[in-house]
C-alpha cells in the first residue's frame, strides 16, 4: 500500500483486508474516524464499536460517542470495565495507562472471540507512536491492531479525513480519560474523578472552548486552558475558585503557561 496515496484512501484499503473487526471506541476523533471507515468498508455485520464504561470515562465523551455512532449507523456495544479495582491502577504510577488498557483489552478480546471477530483494533495514530503512551504496550501484548498508525496517518491526517467524512468531532480537542488529570502518585478514586469532571463541565458551561484540563493535586486544583482563554478565566477567578472549592478543593490556581500536553510528567509525583 503506497504512502503516496491520500491518507483516507490508505486507511480504506487497509481495513478492507480485515474479515471482521471489533474496535475499542471512545468517541474521540481518532476512534470515530476508524469506526466510520470500518462501517463504510465492512458493513454493519462485519464490524462492532465497543465503549468501555467506567468512572474514568467522561459522561460528555460517552454522549458524543453515542451521537456519532447513531449518525453513521455504527453498531455499538457498551461494556463495564473495572480498572479501579486494580491496586496498580489506583496507585497512579506514570504507567497507569498500561493497567487501564490491560483491563479494557481483556474485556474486549473476550467479546471479540465470543462474537467471531478476528481483528481487534484501536484509534492509535502515527503521532501517538512518538509520545509517552504506556497503554499501547498492553495492546501490543495481545495483538491489537492500529489501522491509523499502520496507514501512516498523523493527527493532522486524521482530522482532515474526519472532516472529509463529515464527522462532527473532526476538530474536537483531545479528551483523554479523567484519571489523566490526577497528579501521578495521588491515588485514583471515584470522588477525585467526579471532582475533575464536574469542574471541567462547569468551565465548559461558562463558555471555555478548546483544550482544557483541571489538574488534581490533592487539595489544589490547577486550571490549564488554551493561552487565549487564560486572561478571561483570570478575570473570573473569584467565582471560579468559589465553585471549585465547593467541589472539595481547598485552593485553585490558574496556570499562566496555559494547557501543556503531559504537564504532569514534568512535575514531582504526588499531591499537595
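The values are calculated or read from the model by the stated rules, or taken from the named source; none is laboratory data. Note that the structure is a prediction, hence the values are computed from the model and not measured. Every residue, glycine among them, receives a Cβ derived from its backbone with ideal geometry; neighbour counts consider all protein chains shown.
What do you reckon, is residue 133 more than 20 Å from residue 25 (Cβ to Cβ) and within 15 Å of the chain's Cα centre (by Cα)? Criteria not met by residue 133.
Of the residues making up segment 203-224, those that are within 12 Å of residue 248 (Cα to Cα) and in contact with a helix residue (DSSP H, G or I) (Cβ under 6 Å, 6 or more places away or on another chain) are 216, 221.
In segment 210-240, the qualifying residues are those that are under 19 Å from residue 171 (Cβ atoms) and either touching a residue at least 60 places away in the same chain (Cβ under 8 Å) or touching a strand residue (DSSP E or B) at 6+ places or on another chain (Cβ under 9 Å) (or both), and the one that is surrounded by the most Cβ atoms within 10 Å (Cβ to Cβ) is 213.
Conditions tested, residue by residue: (1) modelled with pLDDT of 90 or more; (2) assigned to a loop (DSSP other than H, G, I, E, B).
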| site | (1), (2) |
| --- | --- |
| 223 | yes, no |
| 229 | yes, no |
| 240 | yes, no |
| 249 | yes, yes |
| 252 | yes, no |
| 256 | yes, yes |
| 264 | no, no |
| 271 | no, yes |
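Residue 89 satisfies every condition listed in (1) closer than 25 Å to residue 152 by Cα; (2) over 14 Å from the mean Cα position of the chain (by Cα); (3) part of a helix (DSSP H, G or I) except (1).
Test residue 175 against the stated conditions and say whether it is surrounded by 15 or more Cβ atoms within 10 Å (Cβ to Cβ) and assigned to a helix (DSSP H, G or I). Show your work before the answer.
Working: surrounded by 15 or more Cβ atoms within 10 Å (Cβ to Cβ): yes; assigned to a helix (DSSP H, G or I): no.
So residue 175 does not fit the description; no.
Every test in (1) farther than 21 Å from residue 176 by Cβ; (2) touching a residue at least 24 places away in the same chain (Cβ under 8 Å) is passed by residue 87 save one, and that test is (2). From the list 214, 196, 169, the lone residue that is closer than 30 Å to residue 31 by Cβ and assigned to a loop (DSSP other than H, G, I, E, B) is 169. So is residue 132 in contact with a helix residue (DSSP H, G or I) (Cβ under 8 Å, 6 or more places away or on another chain) and at pLDDT 95 or above or not? So residue 132 does not fit the description; no. When segment 96-128 is examined, which residues are found to be assigned to a loop (DSSP other than H, G, I, E, B), touching a residue at least 40 places away in the same chain (Cβ under 8 Å) and at negative phi? Passing the criteria: 117, 118, 122, 123, 124, 125.
Residue 20 - would you say it is assigned by TED's automatic domain parsing to the domain that holds residue 102, surrounded by 14 or more Cβ atoms within 10 Å (Cβ to Cβ) and touching a residue at least 12 places away in the same chain (Cβ under 8 Å)? In short, yes. For residues that are modelled with pLDDT of 95 or more and in a helix (DSSP H, G or I), scanning just segment 140-154, find the one that is surrounded by the fewest Cβ atoms within 10 Å (Cβ to Cβ). Per the stated criteria, the residue is 150. If the condition is being within 16 Å of the chain's Cα centre (by Cα) and under 18 Å from residue 35 (Cα atoms), then segment 106-127 contributes 121, 122, 123, 124, 125, 126.
Going through 15, 37, 79, 74 one at a time, which residue ends up being in contact with a helix residue (DSSP H, G or I) (Cβ under 9 Å, 6 or more places away or on another chain), touching a residue at least 12 places away in the same chain (Cβ under 8 Å) and surrounded by fewer than 18 Cβ atoms within 10 Å (Cβ to Cβ)?
None of the other options fit; the residue is 79.
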